[in-house]
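Data first, discussion second: the structure below is written as structure tokens.
The values are calculated or read from the model by the stated rules, or taken from the named source; none is laboratory data. Because the structure is predicted, anything quoted here is derived from the model rather than measured. SASA here: full protein model, heavy atoms, side chains in, ligands and nucleic acids out. Shrake-Rupley method; radii C 1.70, N 1.55, O 1.52, S 1.80 Å.
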Amino acid sequence: MPSPHDIGELYIQHHSWVVSMLRRKLGNRDQALDMAQDTFVRLLRSEMPSLLREPRAYLGTVANRLCIQHFRRQALERAYLNSLALLEPQHQPDEETRLLVLEALDAVGQVLDGLGSKVREIFLLSQLDGWTYPQIAEHLGLTTNVVQKAMLKAYRHCYAAVYGS
């Protein structure tokens, strides 16, 4: 595990490069500065190897993952706010509830991102759309056995994400 000194050296040598890279992706200097800071904080909390042969590649990967999370969160927030706009004013949740729901949706999104695309699609068809395994199998051109195995994999992944085993 790297020492804070190692991270400090990385910060001194590569911070401006990370900010530039993020600014190109985000189009906003302030957001790029914030996310660059988050990148180095993530390194402090990680199991990063103490010697990096390609520090910019490693930093770029960490920063890109943070960008992906940022864009996913923005898309999720837009979709949630669009759905709220369809509600009558008396059914609108308060701001605290909105933030709690967004955090919960983001956490679920992060768990689902850990699934392969086919397993995630099967899981969502089952859990959100209420389709039966035979319906999913027919729709996707799979066997029911393949759908069952995918669901088992999805359940195990979700269990591990929630309970850590």
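Normalised Debye scattering of segment 50-165 at q = 0.11, 0.19 Å⁻¹ gives log10 I(q)/I(0) of -0.56, -1.08, counting only Cα atoms as equal scatterers and leaving out solvent.
How much of the accessible area of segment 95-165, in percent, comes from carbon and sulfur atoms when a 1.4 Å probe is used?
Numbers: 2650 of 4680 Å².
Solvent-exposed carbon and sulfur of segment 95-165 make up 57 percent of the total.
In segment 1-77, the convex hull through the Cα atoms has an average projected area of 5.0 nm², a quarter of its surface area.
With contacts defined as alpha carbon pairs under 8 Å and 6 or more residues apart, what's the relative contact order of the chain in percent? Relative contact order here is 16 percent.
Just to make sure I understand: if all protein chains stay in place, what is the order of Phe123, Phe71 by accessible area at 1.4 Å, largest first? Write down the numbers at each step before the final one.
Working: Phe123 30, Phe71 90 Å².
Correct descending sequence by accessible area is Phe71, Phe123.
Its convex hull of Cα atoms gives segment 42-97 a direction-averaged projected area, equal to a quarter of the hull surface, of 5.4 nm². What segment 1-88 shows is 66 Å² of accessible area per residue, with the surface traced by a 1.4 Å probe over protein heavy atoms. Karplus-derived 3J(HN,Hα) values for segment 75-85, using 6.51 cos²θ - 1.76 cosθ + 1.60 with θ = phi - 60°, are 5, 5, 5, 4, 4, 5, 5, 5, 5, 5, 5 Hz; glycine and proline are entered as x.
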